[in-house]
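The values are calculated or read from the model by the stated rules, or taken from the named source; none is laboratory data. Note that the structure is a prediction, hence the values are computed from the model and not measured. Glycine also receives a Cβ, built like all others from the backbone with ideal geometry; neighbour counts cover every protein chain displayed.
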């Protein structure tokens, strides 16, 4: 067993961790047949949610919030060159393999050409000031309706047939659940180049990237020629920005795990990282929290709230990589004044352009939008996750190097302990001075520029007893579900990865019998 940090000071707790995992392995996976998610997924699904003719600005829109509490209203802002637009609302899940359920359809709206914004000359901020096209109410007397989940509003131009999505999450803050799944919309927005600006030169017009980006604008179509199927859904279905040697990233990650969780009936509710930022009690009533895929952009409050949850005994599952890499700030909309609608990310130029670095006030230096591990923030992300970002692009195999760990008892690993195609496209590794008692479960080599680099899968237990697991790889969810294969990537479904994920989730949530220290 490979361990970073002091073993002697935590020997008793480490022994408890191993013993607990051993006991957990003796118990079969619990039946989730009666969970709200299992019951929801017995309802009829529909494959009509899939875009058949993705728009290129003919019809597009955005929502007034990234998430709403069940029972609240949501305003939709839609631009269209068609005389009318049809609107259909879908909840995303498994639904017998169709992938979604039609919640509400048959809505026809008049088409409206909305004004196109121009970029702020200093920050590059592009923010729409559009009229409301539709006000959606999620109030219902039926306890089955508007269950927490990720929802897509599908827009179709009635003349052109062009289509796109508006994505949003419905929360259930007052319902306890085993797991809370976070959709990482701040990362979606960082890569969103609608209007010609993202936080990256590579997909900004003339490489003039923005220091501030707004949620008051649609999500752009993927740069990949075959990535149009996710137009308007951020990076939930497909990624927007690609590099010529990173084309695999177009396939996306979040939806794969949503499908798998719901297929298996896990008791899960949903939120976004805007909720992680704005609600100190966002994990109230939950046993474990899940970060999935690409979760790169974190505010100070996001990190504080997640660390607080860990320190109160909530398990954390980072089925992601490049996580908590850049610090951001969230500001109100410059047009509407609504909170948390503008994301600030000066990044590489923060020390010369970020007002928090230039105002001479040392009390706010810790909010400068640099990498978390760099000064003046100096809070390496592995202090929370156990791992931190190493390199990109990667497309390789996860190698389980500690197959004897009790957490893997009963898992049918291949003889070489290799899980093909689940390492990448960005990877994290364990660094010195990480959490005490950090255990490396998989140490996966990858050749890059004549060097051998590694991605690490890790586990540690916090003093509170909370378990913190990290895959160290964005592509882990591809082992759970084959959505987007073979159209955007090769199929990589893995029975071993699925068995491991079952056990990891149960372990994080403390579903198996526990052992008192």
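Numbers below:
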quantity: Candidates 275, 301, filtered to the one that is within 19 Å of residue 178 (Cβ to Cβ) and assigned to a helix (DSSP H, G or I); calculated: 275
quantity: Residue, modelled with the lowest pLDDT, within the stretch 191-205, restricted to residues that are within 12 Å of residue 221 (Cα to Cα) and in a helix (DSSP H, G or I); calculated: 203
quantity: Residue in the stretch 498-516 that is assigned by TED's automatic domain parsing to the domain that holds residue 406, buried (at least 22 other Cβ atoms within 10 Å of the Cβ) and either free of Cβ contacts under 8 Å to residues at least 40 places away in the same chain or at positive phi (or both) present; calculated: no
quantity: Single match in 146, 130 (criterion: touching a strand residue (DSSP E or B) at 6+ places or on another chain (Cβ under 8 Å) and either closer than 30 Å to residue 210 by Cα or loosely packed, with under 13 Cβ neighbours inside 10 Å (or both)); calculated: 130
quantity: From 293, 285, residue being in the same structural domain as residue 394 (by TED's automatic domain parsing), within 24 Å of residue 179 (Cα to Cα) and surrounded by fewer than 17 Cβ atoms within 10 Å (Cβ to Cβ); calculated: 285
quantity: Pick from the stretch 189-208, criterion touching a helix residue (DSSP H, G or I) at 6+ places or on another chain (Cβ under 8 Å) and buried (at least 22 other Cβ atoms within 10 Å of the Cβ), ranking: nearest to residue 54 (Cα to Cα); calculated: 193
quantity: Breaking point among (1) within 19 Å of the chain's Cα centre (by Cα); (2) at pLDDT 95 or above; (3) farther than 17 Å from residue 382 by Cβ, for residue 500; calculated: (1)
quantity: Subset tally (residues that are surrounded by fewer than 21 Cβ atoms within 10 Å (Cβ to Cβ) and part of a helix (DSSP H, G or I)) for the stretch 478-495; calculated: 1
quantity: Residues that are in contact with a helix residue (DSSP H, G or I) (Cβ under 9 Å, 6 or more places away or on another chain) and either surrounded by 19 or more Cβ atoms within 10 Å (Cβ to Cβ) or assigned to a strand (DSSP E or B) (or both), drawn from the stretch 73-121; calculated: 91, 92, 93, 94, 95, 99, 101
quantity: Among the candidates 437, 472, residue that is buried (at least 19 other Cβ atoms within 10 Å of the Cβ) and under 26 Å from the mean Cα position of the chain (by Cα); calculated: 472
quantity: Residue within the stretch 181-188 that is without any contact (Cβ under 8 Å) to a residue 60 or more places away in the chain and either over 20 Å from the mean Cα position of the chain (by Cα) or buried (at least 21 other Cβ atoms within 10 Å of the Cβ) (or both) present; calculated: yes
quantity: Residue in the stretch 475-486 that is in contact with a strand residue (DSSP E or B) (Cβ under 9 Å, 6 or more places away or on another chain), modelled with pLDDT of 95 or more and over 30 Å from residue 52 (Cα atoms) present; calculated: no
quantity: Hits in the stretch 221-242 (condition: modelled with pLDDT under 85, buried (at least 24 other Cβ atoms within 10 Å of the Cβ) and part of a loop (DSSP other than H, G, I, E, B)); calculated: 240
quantity: Yes/no for residue 139 being closer than 16 Å to residue 67 by Cα and not in a strand (DSSP E or B); calculated: yes
quantity: Hey, residue 380 surrounded by fewer than 23 Cβ atoms within 10 Å (Cβ to Cβ), in contact with a helix residue (DSSP H, G or I) (Cβ under 7 Å, 6 or more places away or on another chain) and closer than 30 Å to residue 454 by Cα or not; calculated: no
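Every residue, every condition in (1) assigned by TED's automatic domain parsing to the domain that holds residue 422; (2) over 19 Å from residue 325 (Cβ atoms); (3) outside any strand (DSSP E or B), yes or no:
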| residue | (1), (2), (3) |
| --- | --- |
| 440 | yes, yes, no |
| 444 | yes, yes, no |
| 447 | yes, yes, no |
| 453 | yes, no, no |
| 456 | yes, no, no |
| 460 | yes, yes, no |
| 465 | yes, yes, yes |
| 476 | yes, no, yes |
